[in-house]
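Readers should treat all values here as calculations from the given coordinates under stated rules, not as data from a laboratory. From a predicted model like this one, the values you see are computed outputs, not experimental measurements. In this analysis, Cβ positions are derived from the backbone assuming ideal geometry, glycine residues included, and neighbour counts consider all displayed protein chains.
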Amino acid sequence: MKRLMRLTVAAAMALLAAPVTATSSQASVWDTGPVVVTRDVTPTPRVVDLRVREHTHFDRITIDLHGKVPGYRTRYVRTLRYDGSGNPVPLRGRKFIEFVVIPARAHNASGSVYEGPVLRQYHLPTLRGVALTGDFEGQVSFGFSLRSKQQFRVSERHSPNVLRIDLHH
């Protein structure tokens, strides 16, 4: 009996330590751990805008898409860096979240299609800044700076297609 209990506790702890791999309906849970949603969509969707808004209990970041809703991964990181160069992103804040949209692009043959902020500071309850950190090799990356480590949730909306990142106050 003790062995069974130890195995159960060990299995539960392993599940808690693993990154969340979620479907779209599971991805809207408040947490601070990594979230990974994989989705292979064609043609590659385009990231065209990013909007920020304060709500009563959370700050919301909305990423506008043209095309199907792709996969994404998000996690807290020690520092934000630009894709390719590895240079640090100059955003003020105490905690940082990396958000990567995969597969995606923010350009077409004529150039950039992204119209959102490339680097912008905010003075919201949780969100301090947003940066477009990369549009490289089939993925579009963003960095978010926060006042402090807070729970977040990611959700999707269709028609129009968007990804939402809510940062709890």
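Where Rh is the Kirkwood radius over the Cα pairs of the range 21-92, the temperature 25 °C and the viscosity 0.890 mPa s, what D in µm²/s does Stokes-Einstein return? Each step should come with its number before you reach the end.
Numbers: Rh = 14.7 Å.
Estimated via Stokes-Einstein, D reaches 167 µm²/s.
Net charge near residue 116: determine it from the other residues with C-beta under 15 Å of the C-beta of residue 116, scoring Lys and Arg +1 and Asp and Glu -1.
Details: positive: 46, 51, 53, 60, 105, 120, 164; negative: 49, 64, 115, 135.
With Lys, Arg at +1 and Asp, Glu at -1, the neighbours total +3.
What shape does the range 123-169 take by its C-alpha gyration tensor, where a ≥ b ≥ c are the square roots of the eigenvalues and a/c under 1.5 counts as rounded, a/b above b/c as prolate, and the rest as oblate?
Numbers: a/c = 2.47, a/b = 1.28, b/c = 1.93.
Oblate, because a/c is 1.5 or more while a/b does not exceed b/c.
Once you list every other residue whose beta carbon is under 14 Å from the beta carbon of residue 46, what net charge do they have if Lys and Arg are +1 and Asp and Glu are -1? Could the numbers behind the result be given before it?
Working: positive: 68, 105; negative: 49, 64, 115, 135.
Every neighbour counted, the sum reads -2.
Relative to the compact globular guide of 2.2 N^0.38 Å, what is the alpha carbon radius of gyration of the range 21-169, as a ratio?
Numbers: Rg = 14.1 Å, N = 149, 2.2 N^0.38 = 14.7 Å.
Scaled against compact globular proteins, the figure is 0.96.
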